[in-house]
Structures are given as C-alpha cells and as structure tokens.
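Contents: one structure, followed by commentary.
The values are calculated or read from the model by the stated rules, or taken from the named source; none is laboratory data. These figures come from a predicted structure and were not determined experimentally. Methodologically, a virtual Cβ is constructed for each residue, glycine included, from the backbone with ideal geometry; neighbour enumeration extends over all protein chains shown.
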C-alpha cells in the first residue's frame, strides 16, 4: 500500500529517515511548486534520483566530467542509438574508453546532487510506492542515507544563508574597481574561473549560471565567495529620476489633471 501525504506535515528528512530505518525498497514520488522528482531506494539505500524534465543520460554526465569529448559523445550516440545507459557503460569500459570508477563517480555525483536539490522543498505532496523501481536500463548507485541526510541538512542551512547574501539572481556582477584581495592571492576552482570569465555588467547572475550549467545553489555559493573576496560587486540598476515640470513633479501634475 502506497504511503501518501503532504511535505508540510512530513518533511524530506523525516521521509528519508523512515526509508533508512525500515530498510525500504521502492520509489518516492514528490511534487512541489519547485518541480517534480522521483527517488529510488533498495533496502534503505538511495540508488537513483531525478528531477522531472532535467534527467541526464550517462554520456552527458561523462562529457560534463571531462571523461568524453563532445565529438566522442556524438559518435557513440550515433552508433548506439536506443541503447540503455547500462549497455553503453559496459561497452565503454570493455573498449577501454573509460574506467568503471569514472562511471561510478559520475553517477554518484549526479544522483546525490539531484537529491540535495530537493532538500529545500517544504510545500507539495509525496507518495511512496513500495517495491516499485522504474529504473530499467539505468545506471544505479548505492548511497547510505545517513550521509545524504547529514550533508543535505548542512547544505540546507548554507542555502538559507546564501539566499540572504545573494537574494536576487537577476542582477549583474562587475569587477570591483579596487579589489580588496589581489586575484593572484586567491586560489580559485575551475568552476569559479568559469564564472569569472562571464562577469560582465550585461550578464545577470542567472544568465551566468545557465551558461555554465550550474544550479542556483552553485552559482550563489560562487558569487558569494567572489563578493566576499572583494573581486566583484553587484551592478545595481540606476534609480529613476523624478521628472519635474514647472517646479512640480509629473506625478503631482497628473493628480491635478485627475489621472
């Protein structure tokens, strides 16, 4: 029998604790204003997770991880059209194109990343279907839920802080005229360098995230670090000047005319 309810009454952490303690096998379906997702478990361990409309196949994940080039992906897709991820992974490993640990690492990062994304969901509904695992042909992992719960809770607190520090993604960044820290004295990650390369008064933070295929959590975290280091600053839209007409404001003139 399916377990159903509302996330405001039974949150994500409580659901994961239930699955973990009861060592359940099945699929948890979630619907919220933020989107839809499904999480698959086997004997209390997370084996697959995906956000509806944002699922990525194995080749896309390996390309993002730098294990395959765009040209290699195109050739593989052409030669193995219609094949399941599991079959493609087996072929790539056997042919020596990638290592088994590369597949495992890419899938682990993807599944856990999708899982962390939903930790902030507080509104919506859930439904747990015991025994149901709609993952035929997909690559799976095995992740202990204790680790997911601990890291998810930590990220949720960090996410709340980042929302306060970088509340609006539709503003742009520009390089600070007088950086408080020289660029050479800061150790930037590859992702941070990628963001730096897109900093421009015409690029909003959201556009930078989309150009680099980053989540809101990732871009807020990087933007906050660059702001704290004094390398960049927000570009604020100029305030509209009040138009004066014969010593009075346009607004007052409109009011006098009954508009």
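Quick notes on this one:
- Of all residues in the range 88-113, those being in contact with a strand residue (DSSP E or B) (Cβ under 9 Å, 6 or more places away or on another chain) and modelled with pLDDT of 90 or more number 5.
- Verdict on residue 204 being closer than 27 Å to residue 155 by Cα, over 16 Å from the mean Cα position of the chain (by Cα) and touching a residue at least 24 places away in the same chain (Cβ under 8 Å): yes
- Of the numbered criteria (1) under 19 Å from residue 113 (Cβ atoms); (2) surrounded by fewer than 18 Cβ atoms within 10 Å (Cβ to Cβ); (3) at pLDDT 90 or above, the one residue 193 fails is (1).
- Boolean, residue 85 is at pLDDT 90 or above and farther than 17 Å from residue 220 by Cα: yes
- Taken together, the criteria exclude residue 169 from residues that are surrounded by 14 or more Cβ atoms within 10 Å (Cβ to Cβ) and within 30 Å of residue 22 (Cα to Cα).
- Those residues of the range 205-218 which are within 13 Å of residue 172 (Cβ to Cβ) and surrounded by 18 or more Cβ atoms within 10 Å (Cβ to Cβ), in sequence order: 205, 208, 209
- Of the residues 48, 29, the single one that is touching a residue at least 24 places away in the same chain (Cβ under 8 Å) and more than 17 Å from the chain's Cα centre (by Cα) is 29.
- Residue 42 vs. criteria free of Cβ contacts under 8 Å to residues at least 24 places away in the same chain and assigned by TED's automatic domain parsing to the domain that holds residue 134: no
- Screening 23, 86 for residues that are touching a residue at least 40 places away in the same chain (Cβ under 8 Å), farther than 19 Å from residue 213 by Cα, assigned by TED's automatic domain parsing to the domain that holds residue 141 and outside any strand (DSSP E or B) leaves exactly one candidate, 86.
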